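Have a look at the structure below, then the notes.
The values are calculated or read from the model by the stated rules, or taken from the named source; none is laboratory data. Only a predicted model underlies this, so the values are computations on that prediction, with no experimental measurement involved. Backbone-built Cβ (ideal geometry, glycine too); neighbour counts: all protein chains shown.
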Amino acid sequence: MSTYPYVLMPQLLLDFMAAHSTGVGAVGDRSEQLPNRIPHSPMKTTPSHRHWLSSVRVQLKWVALRHILVLLPVIILSYAALVSWILLGAFGNWGVLVLTGYGSGCAIALYLLLLRLDYTSNKSLTLPDSPPRASTVNAVAVPSASSESVSLHRLKQLKKALNRQVRQPCGVSDAPVGASERDFNRVLEQYFPGRVQSQLKFPVTINGREYAYSIDFAIVFDEIGVCIDCEIDEPYDYKSRRPTHCIDQKSDAIRNSFFVEGNWIVIRFSEAQIVLHPHSCCKTIAKVVSRIMGSHKFLRGFENVPDLKPIPKWTKRQAKRMALARVRDRYLSRRVI
């Protein structure tokens, strides 16, 4: 947690996601597709292949028998012609011609008959069905109705897991809101309309004293129960110049534990990030929501938004130097609305 942004998940949600993993980049309910390529493997002798191989063997035997039947009358008649030529002498020449012509005709007729029978038997001899081609396989997806039912079941289970398990606010804080926070609020509303709340107040007791934590921005999915505490960290107070949100301070760690134990998700950004890259910050939030909900629909609209680049957290000493250099003035003057 030495860089911004960073995300803290309650154990309840971590257990839920482990039990309901979708395997879509650690998140998502996209339709499962068969692989683009079918791995090469030797042909297994399934029942259909065994039947085909048996048919091939029968066909080879039939071809051999066909040639024998065609050649047999030729051989017999040729032998008869030779004998007649020896016995009949000069008159046997005509006998040879007659017997040879008759034998050739019978051989041709028998060959055509066997060829016809062979063609008829071959019509039922076809290769077993082969796997679809890669292009066809890739186009086949799990029916959307099935995918939607799985997603709906996941959300119902998530709602059941969060039921009465999320800490609730006691009101709204009257803490002042800066210009950069108002700008970021508008961007949040653009991507999460109707779900953004600010300055929610939570009572807390620390060392016997009563305090109240105030959330910068809460993104609440009432229909499911998912709540996100989105915090904006400045390196120092603008008026007093005192360091704030330093990595070597314990106040933020105590606060984070309070919300995570109350089953809130905590996402922290630096002020510079929400000022200079508000849309990328929203994309980070959408990724977290997608991972929890198991749906990519929350990432729609972020196709052309770059990922948020991490920046290191600061120590007290670094925050003091930043205050002397008036770092906040530099990026606040470059506000992106």
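Listed residues 259, 269, 298; which is aromatic (Phe, Trp, Tyr), in contact with a helix residue (DSSP H, G or I) (Cβ under 8 Å, 6 or more places away or on another chain), in a helix (DSSP H, G or I) and surrounded by 19 or more Cβ atoms within 10 Å (Cβ to Cβ)? Outline the logic, then answer.
Working: 259 fails: in contact with a helix residue (DSSP H, G or I) (Cβ under 8 Å, 6 or more places away or on another chain); 269 fails: in a helix (DSSP H, G or I).
The match here is 298.
So, in the stretch 178-198, exactly how many residues are exposed (fewer than 13 other Cβ atoms within 10 Å of the Cβ) and farther than 16 Å from residue 289 by Cα?
Residues meeting the conditions: 3.
Would you list the strands (runs of 3 or more DSSP E) that sit entirely within the stretch 197-255 and hold 1 or more residues that are more than 39 Å from the chain's Cα centre (by Cα) and of a type outside the set (Lys, Arg)? Working first, answer last.
Numbers: elements: 200-206, 209-214, 217-221, 226-233.
Answer list for the stretch 197-255: 200-206, 209-214.
Any residue at all in the stretch 130-138 that's modelled with pLDDT under 95 and in contact with an Asp or Glu (Cβ under 8 Å, 6 or more places away or on another chain)? Reasoning before the result, please.
Step one: of the stretch 130-138, the residues modelled with pLDDT under 95 are 130-138.
Pick out the ones that are also in contact with an Asp or Glu (Cβ under 8 Å, 6 or more places away or on another chain) and you get none.
No, the stretch 130-138 contains no residue that is modelled with pLDDT under 95 and in contact with an Asp or Glu (Cβ under 8 Å, 6 or more places away or on another chain).
Assess whether residue 146 counts as being over 19 Å from residue 292 (Cβ atoms) and not assigned by TED's automatic domain parsing to the domain that holds residue 228. Before you say what the answer is, go through the steps one by one.
Working: over 19 Å from residue 292 (Cβ atoms): yes; not assigned by TED's automatic domain parsing to the domain that holds residue 228: yes.
Judged against the criteria, residue 146 is a match.
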